[in-house]
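What follows is a set of notes on a single structure, which appears directly below.
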Amino acid sequence: MKKLLLFAVVAIVLASCSTRTGHLTGVEGRPVYQPQIPLGMVYIHSGGFTMGENDGDMPFLHQTRAKTVSVQAFYMDQTEISNNEYRQFVYWVRDSIARDLIYFGLEEAEEASRYINYQDYYYSPDDLEYVEFEADDRDVNRELFSLNWDRRFYYNDPELVPLLADMYFPEPERYYGRKEIDTRKLIFEYYWIDYVEAAKRGRIEIVRNGYNNQGIKQVQKHRTLSSPDHPFTGEPGGQDLDLSQGGDGINKKGQSNAIRGHENRQRFIIDEKIAVYPDTL
């Protein structure tokens, strides 16, 4: 009897541990998220304030009615950026350009490979398979692998001085004959995502306001678009990919479940190049 009772208790416990309860519990096994305050920043708690009418307004005008506005929590820098912090950024740009020059300038491919974070075997997007690292193919390797910042070098290294000569002002442009970094060569490259442009809505095969250049209506159900064409590419604003089931976005009841996407999201990745004008070198 005791064994039967023990077996029943174990069965009940195991059944209670089952995750198939039919309830929405979210993905299990996720680690607990512990937010950390970024270095050099402070956490501003959420709160609210009253915006609108105050003692300085004319009574009974009701032009600025008071209302409570909530502000979400956010992080803010403790202080403005210092000269030494900006110097760190300038040095990072300078050293990244120098590492590129060293990588492409060294004669020995194996020695040059130490300046990038390469992998002996990696997945090639072009070949659609894992391939062995080839040190001689430097252009492809530089696109696939980042710079190795653990590899130290010195600007006065006799082997590297000829490779880094282009980073300095030429002899005729040097003030008092001093060898200084040519600040015109310090170009910072980065990219950002144009979420505003990507979020614009539109229809498949967009025709601006449904009319052609002769003023003839081409798309009868096309709504008026207020977003102008792209100033450089001339592409109309909006999304150009139909993600609805069936392609036409209409189910058997005649209801539209159309979801619009983008055929190529790369046009929303904006590459930028800016010149760094340091006064700290």
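The values are calculated or read from the model by the stated rules, or taken from the named source; none is laboratory data. All of these numbers come straight from a predicted model, not from anything done at the bench. Please note: Cβ atoms are built from the backbone with ideal geometry, for glycine as well, and neighbour counts cover all protein chains shown. Surface accessibility is based on the protein's heavy atoms, side chains included, excluding ligands, DNA and RNA. Shrake-Rupley method; radii C 1.70, N 1.55, O 1.52, S 1.80 Å.
Quick look at the values:
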read-out: FRET efficiency estimate (nearest 0.05) - Cβ-Cβ, Asp182 to Val71, R0 51 angstrom; value: 0.65
read-out: Dipole of region 97-195, positive end: most advanced residue of Ile102, Phe153, Tyr121 [Cβ charges, Cα centre]; value: Phe153
read-out: Carbon/sulfur fraction of accessible area - region 102-141, other protein chains in place, 1.4 Å, %; value: 39
read-out: Descending semi-axes in Å of region 102-187, equivalent ellipsoid built from Cα gyration tensor; value: 33, 13, 10
read-out: Area of Leu144 that stays accessible when all protein chains are in place (1.4 Å probe, Å², to 10); value: 80
read-out: Region 157-167 - phi-based ³J(HN,Hα) in whole Hz, Karplus 6.51/-1.76/1.60, Gly and Pro as x; value: 5, x, 6, 9, 4, x, 6, 9, 5, 5, 7
read-out: 5 angstrom amide H check on Tyr122, placed H, neighbours 5+ away; value: Val131, Phe133
read-out: Per residue accessible area in Å² of region 100-168, where ligands, DNA and RNA are left out and the probe is 1.4 Å; value: 70
read-out: Distance between modelled label sites at Glu107 and Ala135, nm, 7 Å Cα→Cβ extension; value: 1.4
read-out: Interchain or long-range residues, amide H under 5 Å from Tyr168's placed H; value: Asp182
read-out: Descending semi-axes in whole angstrom, ellipsoid equivalent of region 63-142, from the Cα gyration tensor; value: 47, 23, 10
read-out: For Leu160, distant residues with modelled amide H under 5 Å away; value: none
